[in-house]
Amino acid sequence: MGLCASVEVPDIEVEAPNVDVKKAMADVKKSMGAIEKSKDAEKKGLKYPFTLHEFNDKEKQKITELPKEDEKWADKVYEYLAACDEKVIKSVADTVWKNAALPALEPAVDKSIAEATGNVEGWDKLPGFIKTKAKKTAKKKALEQARKKSKFDARVQVKAFSIIIEGMTKAGATIEPDYKPTEVE
């Protein structure tokens with residue numbers, strides 16, 4: 001019977017790359033299916049006239065007022081409300097992240113990991129499964145940091161809001177004249 005030696009997985013330090021947010025935000029419109037599918041659930045329990053506030057928070061700016069349920073732009077209000085739901089917007093952000101951000105970020109992260117492994121003492125003597133685990137962990141950590149640092153999910157939500165409000169306007173909604181969308185800092 002052989003003994004199984006305990007081998008520690010080295011921590012590979014890789015700097016989180018910058019996300020090209022502008023390029024990724026161009027994909028938001030294509031990825032809003034989850035919002036459109038969830039809008040019907042938002043109709044329940046609304047009282048009309050319904051006042052829509054930014055982030056569906058009465059403490060925030062007023063955007064518009066929906067006088068009755070059958071306005072031709074009512075679906076856009078329901079989409080806005082769906083986009084306020086954390087789970088719904090996370091689904092949209094995940095899709096945009098997967099389709100627009102990751103393809104641009106992964107090569108840079110992989111290159112950084114390859115460079116960083118040269119600085120790990122005894123790297124060449126480690127078993128392959130340990131090297132693989134260390135690389136996967138470093139990659140996951142760097143990509144999570146990049147997403148968090150860029151405030152990616154919040155930016156996707158704000159972009160979705162602007163697309164929806166634009167749709168409201170085109171469908172005939174009157175947006176408050178002094179409404180200025182909140183920007184992600």
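The values are calculated or read from the model by the stated rules, or taken from the named source; none is laboratory data. These numbers come from a predicted model, not from an experiment. We place every Cβ from the backbone using ideal geometry, glycine too, and count neighbours over all the protein chains shown. In case anyone asks, the SASA skips ligands and DNA or RNA and just uses the protein heavy atoms, side chains included. Shrake-Rupley method; radii C 1.70, N 1.55, O 1.52, S 1.80 Å.
Applying a DSSP loop filter and a limit of 15 other Cβ atoms within 10 Å to the trypsin sites (Lys or Arg not before Pro) in segment 43-128 leaves 44, 47, 58, 60, 68, 72. Shape annotation for the chain: C-alpha extents along the principal axes are 75, 37, 28 Å, from largest to smallest. With R₀ set to 25 Å, the beta-carbon distance separating residue 145 from residue 44 gives a calculated FRET efficiency near 0.05. What segment 52-128 shows is 57 Å² of accessible area per residue, with the surface traced by a 1.4 Å probe over protein heavy atoms.
Average projection, convex hull of the Cα set of segment 106-183: 7.5 square nanometres. Computed in the context of the full set of protein chains, the accessible area of the chain at 1.4 Å probe radius has 50% of its extent on carbon or sulfur. Phi-derived couplings, Karplus 6.51 cos²θ - 1.76 cosθ + 1.60 at θ = phi - 60°, listed residue by residue for segment 33-45: x, 5, 5, 4, 5, 8, 5, 4, 5, 7, 5, 5, x Hz, with x used for Gly and Pro.
When the listed pairs 43/180; 58/87; 60/170; 111/141; 87/159; 72/170 are checked against a 19 Å cut-off, the alpha-carbon distance exceeds it for 43/180; 58/87; 60/170. Considering only Cα atoms, the convex hull volume of segment 1-91 works out to 244 Å³ per residue. Of the GluC sites (Glu not before Pro) found in segment 17-67, those that fall in a DSSP loop while having at most 10 other beta-carbon atoms within 10 Å are 59.
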